[in-house]
Amino acid sequence: MIRIILLLLIACATNLWAQLPQFKDVSREVGLTIPHISTPDKQYIVESISGGVGLIDCDSDGKLDLVVVNGSTIDHNRQGGDPMITLYHQDADFNFSNITQSAGLTREGWGMGVAVADYDNDGLPDIYVTGYGGNALYRNLGNCKFEDVTDKAKVAAGGFSTGAAWADYDRDGHVDLFVSRYVHFDINKFPTFGSDEKTCRFKGIRVQCGPWGMQGETDLLFHNRGDGTFEEVSKKAGVDDPDRYYGLGVEWADYDDDDWPDLYVANDSGPNYLYRNKHDGTFEDVSMLAGIAVSADGLQQGSMGVDWGDYLHDGHMGMFVTNFTEQPDTLYRNLGKREFSDVTWPAKIAQPTYMNVGWGTGFVDFLNSGLLDIFIANGHVYPQMDQIAGAARYAEPMQLFRNKGDGTFEDISSVLAEVPDASRRGAAFGDLNNDGNVDVVVLDMDGPPQLLLNVTSNHNHRALFKLVGTKSNRMAVGAKVAVTAGKITQTAELHAGGSYLSSNDPRLHFGLGSEAKMSEIEIRWPMGETEVLKNISADFIYTITEGKGITDKQALPPVQ
């Protein structure tokens, strides 16, 4: 009898560890049907970079809506471009409707990325869209109606803008905006497909030209004046990129735990930037000194997407970066003391990611286990790769790595095997149906966006936190939350822009495993105040208002 009980216990433990997250592609059935605008052969570099997605509750109904960047083509852009984004509203019964026109999101151009934040502190999330030839800022008027305030706010930018992210870098209560830019591209004088032997060939075949051999663009930092307008201060702040590297993914985070937001910029075919906030409106590039600019063997990489995450439960934000083919995606461990170590190989991520071209990415707890996994959206830039035997394909699989809790990850990408391979770009993460599981939205370069609904069923508890600033910026961008449940303390930070040109659910999600209660929740607000809550039940979506504690809660479905 005792032996039978022991075997049952071992079997249960083994099954718990062996459990895998489960996803269902529900895109078509929920109404996500508009394809990304592009051409099949991608003859120009501007055609290969577009692809951000964003999550936003545009009418404050407690349900996430979806922003998808549209892209364009050379011919369309010469005629004024295409609508830069599509806005899908989440209706009843988990269906999505295209409300772009009625929402007033009518600016045309060549959309690239999206970042969501409440720049005017009115309690309504606004939308910033990057693009080739000009960007757009849409002010939310309520009920998913928007006003184009780009010119008034002085954030049109221009050039070839790609990544965007918001943060209150000077802690004045207003979120500021960083924009990375890519290459200088003249649509009337673009290089001919496959024309140059060095910069327009890959593995011996003709492909689009660049970024090699092309001049890069500088980056931009827009300081929020608090009156609805911005001032471009990148050079004064020391983040303008005078070397003109090819900027793509960007994300703010307080990596050194001094309560001031720092900035990471992924550069394609160049060293990446880590700008440390000097608390006086300026920044210092510490990327090389900190060990986070290049790979462990000193090589510059073709970096695309980025995400910060406390994947080791040590209170320090590690960094994950996706890269070009034949370069492993890179995991940097934050050692504290402003130092990082490239742990890609010991973490068992290098070999599985070596061949793919990685883009959108995120540290996400898909199992509500309390451990952050890593998701990667992949896809080559050259459709012509399919002509080469043994090379990486144009359409590539997505990848998922489960955090084993010991600094290593297990490749469990097989759980996504039923989703057809594609060339994907942006990825955004959030609980779209408010069931306590984090879902994924990815952009397909050659089709409609894909919504991968997390349908995992287990006994694990969870909680989500919507933060509302009063002294701090209203959306509390930059707030850091530490949740203690059982013997584990997890730390997360609220970001507005990251992954690859994308923007996640603004609510912070915590998986709690078997713990039905959080013994302590510590919130460090962006303006510097700390608030502590004790003995809070799991399985709710909580609204926490700065200085007031919990001001609302919504029950999540019971764990099964």
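The values are calculated or read from the model by the stated rules, or taken from the named source; none is laboratory data. Everything numeric in this text was worked out from a predicted model, so none of it was measured. No Cβ is skipped: glycine too gets one built from the backbone with ideal geometry, and neighbour counts run over all protein chains shown. Only protein heavy atoms, including side chains, enter the accessible area calculation; ligands, DNA and RNA are left aside. Shrake-Rupley method; radii C 1.70, N 1.55, O 1.52, S 1.80 Å.
Starting from the stretch 343-360, take each residue that is touching a residue at least 40 places away in the same chain (Cβ under 8 Å) and under 12 Å from Ala296 (Cβ atoms) and list its partners that are charged (D, E, K, R) and assigned to a helix (DSSP H, G or I), counting only C-beta distances under 9 angstrom and pairs at least six apart or across chains.
Close Cβ pairs (under 9 Å, with a partner that is charged (D, E, K, R) and assigned to a helix (DSSP H, G or I)) do not exist here.
Hey, which of the strands (runs of 3 or more DSSP E) in the stretch 282-340, taking only ones fully inside, have at least 1 residues that are surrounded by fewer than 20 Cβ atoms within 10 Å (Cβ to Cβ)?
283-285, 330-336
Restricting attention to the stretch 53-103, which residues are over 18 Å from Pro448 (Cβ atoms) and hydrophobic (A, V, I, L, M, F, W, C)?
Ile56, Cys58, Ile74, Ala92, Ala103
Would you please name the residue that is surrounded by the fewest Cβ atoms within 10 Å (Cβ to Cβ), looking only at residues in the stretch 131-173 that are assigned to a loop (DSSP other than H, G, I, E, B) and aliphatic (A, V, I, L, M)?
My answer is Ala156.
Which numbered condition trips up Arg425, out of (1) out of contact with any helix residue (DSSP H, G or I) (no Cβ under 9 Å at 6 or more places or on another chain); (2) open to solvent by less than 10 Å² (accessible area, probe 1.4 Å)?
It is condition (1) that Arg425 fails.
For a quick check of your reading: which strands (runs of 3 or more DSSP E) sit entirely within the stretch 361-440 and have at least 1 residues that are under 19 Å from the mean Cα position of the chain (by Cα)?
373-378, 399-403, 424-430
If I filter the stretch 174-184 for residues that are open to solvent by 10 Å² or more (accessible area, probe 1.4 Å), within 28 Å of Tyr332 (Cβ to Cβ), aromatic (Phe, Trp, Tyr) and at pLDDT 95 or above, do I get at least one hit? Spell out the reasoning first.
Step one: of the stretch 174-184, the residues open to solvent by 10 Å² or more (accessible area, probe 1.4 Å) are 174, 181, 184.
Adding the requirement that they be within 28 Å of Tyr332 (Cβ to Cβ) leaves 181.
Next, from what is left, pick out any that are aromatic (Phe, Trp, Tyr): none.
There is no residue in the stretch 174-184 that is open to solvent by 10 Å² or more (accessible area, probe 1.4 Å), within 28 Å of Tyr332 (Cβ to Cβ), aromatic (Phe, Trp, Tyr) and at pLDDT 95 or above.
Residues in the stretch 213-243 that are buried (at least 19 other Cβ atoms within 10 Å of the Cβ) and charged (D, E, K, R): how many?
3
Taking Thr218 as the residue in question, decide whether it is in contact (Cβ under 8 Å) with a residue 12 or more places away in the chain, in a loop (DSSP other than H, G, I, E, B) and within 17 Å of Gly131 (Cβ to Cβ).
Here the answer is yes, as Thr218 does meet what is asked.
With respect to the numbered conditions (1) free of Cβ contacts under 8 Å to residues at least 40 places away in the same chain; (2) polar (S, T, N, Q); (3) closer than 21 Å to Ala496 by Cβ, which one is the sole condition not fulfilled by Ser303?
Status for Ser303: all satisfied but (1).
If Ala153 satisfies every condition in (1) modelled with pLDDT under 95; (2) aliphatic (A, V, I, L, M); (3) within 21 Å of Leu263 (Cβ to Cβ) but one, which is the exception?
All conditions pass for Ala153, except number (1).
Would you pick out the residues in the stretch 341-363 that are closer than 24 Å to Gly51 by Cα and open to solvent by less than 10 Å² (accessible area, probe 1.4 Å)?
The first filter runs over the stretch 341-363 and keeps only residues closer than 24 Å to Gly51 by Cα, leaving 352-363.
The answer is Thr353, Val357, Gly358, Trp359, Gly360, Thr361, Gly362.
With the checklist (1) part of a loop (DSSP other than H, G, I, E, B); (2) surrounded by 19 or more Cβ atoms within 10 Å (Cβ to Cβ) in hand, flag the one item Glu251 doesn't pass.
(1)
What strands (runs of 3 or more DSSP E) completely inside the stretch 64-130 contain at least 3 residues that are without any contact (Cβ under 8 Å) to a residue 60 or more places away in the chain and open to solvent by less than 10 Å² (accessible area, probe 1.4 Å)?
Counting at least 3 such residues, we get 85-90.
Residue check, Ala266 against (1) in contact (Cβ under 8 Å) with a residue 24 or more places away in the chain; (2) more than 23 Å from Gly52 (Cβ to Cβ), all met but one. Which one?
It is condition (2) that Ala266 fails.
Residues that are modelled with pLDDT of 95 or more and closer than 30 Å to Gly226 by Cβ, at least 3 per element: which strands (runs of 3 or more DSSP E) completely within the stretch 454-560 meet that?
Answer list for the stretch 454-560: 461-468, 480-485, 488-493, 517-524, 530-537, 540-545, 549-555.
Taking the condition closer than 23 Å to Met319 by Cβ and β-branched (Val, Ile, Thr), does Val468 pass?
Considered against the rule, which asks whether it is closer than 23 Å to Met319 by Cβ and β-branched (Val, Ile, Thr), Val468 comes out as no.
Give me a count of the residues in the stretch 50-63 that are surrounded by fewer than 23 Cβ atoms within 10 Å (Cβ to Cβ) and on the phi < 0 side of the Ramachandran plot.
4
Hey, among the residues in the stretch 255-281 that are charged (D, E, K, R) and open to solvent by 10 Å² or more (accessible area, probe 1.4 Å), which one's farthest from the chain's Cα centre (by Cα)?
Keep residues of the stretch 255-281 that are charged (D, E, K, R), which gives 256-259, 262, 268, 276, 278, 280.
If we keep only those that are open to solvent by 10 Å² or more (accessible area, probe 1.4 Å) as well, we get 256-259, 268, 276, 278, 280.
On the way: Asp256: 20, Asp257: 21, Asp258: 23, Asp259: 21, Asp268: 17, Arg276: 20, Lys278: 25, Asp280: 27 Å.
Within the stretch 255-281, the match that is farthest from the chain's Cα centre (by Cα) is Asp280.
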